[in-house]
Amino acid sequence: MLERELREIFGPRLQALVAYGFNPNTTGRHAQHDAHKEVPHLQTLAFVTALTFDDLKRCSEKAAGWHSAGLATPLLLAAHEFERSLDAFPLEFGAILADHTVLFGENPFRDLQLSPAELRRACEVQARSHLLHLREGFLETRGRADALAVLIVRSARPFAALIVTVSRLEGHATSDTEAAGRRAEHALQLPPGSVTEIVKLTHAHEIPSTEAVRLFPTYLNAVERLVQYVDQWGRR
């Protein structure tokens, strides 16, 4: 359906169509913003030789049908935009490089590679930001366990995405968040469950307040250890 309709819109300008983020444990780009929002299962990226306003308008008319079919709105990129944007979006585009399937056309990622140094730097930025968010969020709960539960659930998806990125940094190209969580526990020398218990909340809508009170100190410690680990990565 998507390929056919994109062909109708772009004709020979459609160079490739790629699917990504289709693993049930994957946390895609849309999933990081709202823990309560159901995200279409299949995410795609279309490469075209040229992209105009009229193209966008015609695609917008198809969006409702795509969503009804379980498809996320595709990313549309003109030729060479992905390559030139890789250093600007090392986490998001790096995840696509690591886990994708070409549905149509030639592989647009041939010979593309993300620098480990760029990935490590982006990882550190994300990890430090997550740590600051958790600390600030905890203060804003004002000691309310129900608010703490909301904080944990809403932060679980971006945390899982971070854990997968760290796994890629270590050379494991996977979108399985629980497997990445277990590797993180081993690398950070944390007790089993310290990371995976939070990762498993990726698709949760809520957790009991008592569970939040139990989880948060371990969660915060894991993120602190993760920041230190990423900061020192490559210097050992």
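The values are calculated or read from the model by the stated rules, or taken from the named source; none is laboratory data. Computed from a prediction, not measured in an experiment: that's the story for all the values here. Reconstructed Cβ throughout: ideal geometry from the backbone, glycine too, with neighbour counts over all protein chains shown.
Quick one: what pairs do we get from segment 74-85, first residue touching a residue at least 40 places away in the same chain (Cβ under 8 Å), second in a strand (DSSP E or B), C-beta under 6 Å, 6+ apart or different chains? As it stands, the answer is Pro74/Thr44; Pro74/Ala46, since those pairs meet every condition given. In the set (1) crowded, with 19+ Cβ neighbours inside 10 Å; (2) farther than 26 Å from Leu97 by Cα; (3) not polar (S, T, N, Q), the condition left unmet by Arg214 is number (1). The condition of being assigned to a loop (DSSP other than H, G, I, E, B), closer than 29 Å to Leu51 by Cβ and either touching a Ser or Thr at 6+ places or on another chain (Cβ under 7 Å) or of a type outside the set (Phe, Trp, Tyr) (or both) holds for Leu112. As an exercise: evaluate Val150 against (1) crowded, with 16+ Cβ neighbours inside 10 Å; (2) modelled with pLDDT under 90; (3) outside the structural domain of Leu45 (by TED's automatic domain parsing) and give the number of the one condition it does not meet. Going through (1) crowded, with 16+ Cβ neighbours inside 10 Å; (2) modelled with pLDDT under 90; (3) outside the structural domain of Leu45 (by TED's automatic domain parsing) one by one, Val150 breaks only (2).
Pairs are defined by a Cβ separation below 7 Å, a sequence spacing of at least 6 or placement on different chains, a first member in segment 157-177 that is touching a residue at least 24 places away in the same chain (Cβ under 8 Å) and buried (at least 24 other Cβ atoms within 10 Å of the Cβ), and a second member that is outside any helix (DSSP H, G or I) and aliphatic (A, V, I, L, M); the pairs so defined are Arg157/Ala31; Arg157/Ala35; Ile163/Val195. On the given criteria, is Leu91 assigned by TED's automatic domain parsing to the domain that holds Val18 and part of a strand (DSSP E or B)? Considered against the rule, which asks whether it is assigned by TED's automatic domain parsing to the domain that holds Val18 and part of a strand (DSSP E or B), Leu91 comes out as no.
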